[in-house]
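I have placed the structure first, in the form of structure tokens, so that the comments after it can refer back to it.
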Amino acid sequence: MEYKKQASSGITPRIIIHGGAGNILPSNLPPKKYKQYHDSLLKILASTHYFMTSPSSFPLATASSTSALDTRGVGLMGLQHVKNPIKLAREMLLHGEKDLEGGNGEHRGPMAEDLSRSSGAQGHCQLYKHSAENLAKQWGMEMVDPSYYFVQARWDEHIKGIEKDREGGVATWDAEDFFPQGTCGAVALDSEGSTTAVVLSEALKGLMADCLPNPMAYSPLPKADIDPAFLAKGDKVFRAAAMSGTGNGDSFLRINAVRTASAIARYRGSKSNEKTSLQDAVTEVTGPGGELVKSAGDRWGKSGEGEGGIIGVELTVHVDAHANKKSVISHIVDDFNCGGMFRAAVDKNGKAVMRVWKPKQHEGLEAYEGEGREYDLRDWLEEKM
């Protein structure tokens, strides 16, 4: 197997993926179980980065990561038979306007029962269960029996949650244990400067993903990236951002978390002041004591309300009057306010790094050998790649 990068266009592809966030502690995630998450996240990261640096479409790369993270149909808009829901979402995007009646962006009436007369997914704000699965069959996607999704450990957690609810507790949160809710997502930057975010969740249905798909003109500029003193006449600077969140869905929606972080980074400051970086904005929203924590009020630490984290990518591109790139700077960002957040990214050194916690966040983290360690991406590629 040969692993080659595409010819550089000045922008280095970046990728960060996440699982859930919440009350993830060394006490409920022993090293043996941690290693399973560690290895899975790094394999997914490596295969996705391979797609990003190979001749393939950008949506395919992001779909690759999230479909590997999430092969559950149940809970995702009622799907029970589609093996990879995110691949169905990708097909909806790729079909685009060609599925619309007349290609004019409008579709009137219900989904056609006759598949030969189906207008696809466009023109609908939401597709549920049978309509979505009919499209999946029409597009030749792999279908499975609902039993494919059954996982005993997840079922046991579900039953435990029901018992807690009957006892007056919260079914999805516990002070000692971590109950996964199925959220996973990815944020990527391709070599052309396009950013995309995909998030899947039983609770959120993808509503937390927020991105600017192409470099957008933000002003003023972050001094840490480009000094305005070096801008020549006709030069322009563009910033782009993409984010994905995980955690308590109600809290994220209540404060419009990723949109709030994006707005802080985009609008705070003036031409004479330093611009807020995306990392600082994310920390302000989802870091310790941030807006998510404040939204929970006196319920913080009692029900999981307000808990969560955000991952993202920020891009700054400096071009001359003829649109030639003079400099390109990208940053991977993340922060969370709870016990931990499963995440993995390709760092600035081009190495794969997986983390659940922040450095020195908890005692005893030295027992988790892979935490924060840099790996060569090729070491985690499957031979079939």
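Here are the numbers for the structure shown:
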{"read-out": "Contact order relative to length of the stretch 250-292, as percent, for alpha carbon pairs under 8 angstrom and 6 or more apart", "value": "40"}
{"read-out": "Residue exposure sequence - 141, 341 - by fewest surrounding Cβ within 10 Å", "value": "141, 341"}
{"read-out": "Kirkwood Rh and Cα Rg combined as Rg/Rh, the stretch 295-344", "value": "1.31"}
{"read-out": "Under the Karplus curve 6.51 cos²θ - 1.76 cosθ + 1.60, θ = phi - 60°, whole-Hz ³J(HN,Hα) for the stretch 290-297, x wherever Gly or Pro sits", "value": "x, 4, 5, 4, 4, 5, 7, x"}
{"read-out": "Label-to-label distance, nm, for residues given as residue 379 and residue 267 (7 Å Cα→Cβ offset)", "value": "4.6"}
{"read-out": "Subset of 160/302; 275/351; 233/325; 35/348 violating a 21 Å alpha-carbon distance limit", "value": "275/351; 35/348"}
{"read-out": "Computed Rg/Rh of the stretch 283-385, alpha carbon atoms with Kirkwood Rh", "value": "1.10"}
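Rule-based calculations on the coordinates, nothing more; no lab input. From a predicted model like this one, the values you see are computed outputs, not experimental measurements. Ideal geometry is used to build each Cβ from the backbone, glycine not excepted, and the neighbour counts take in all protein chains shown.
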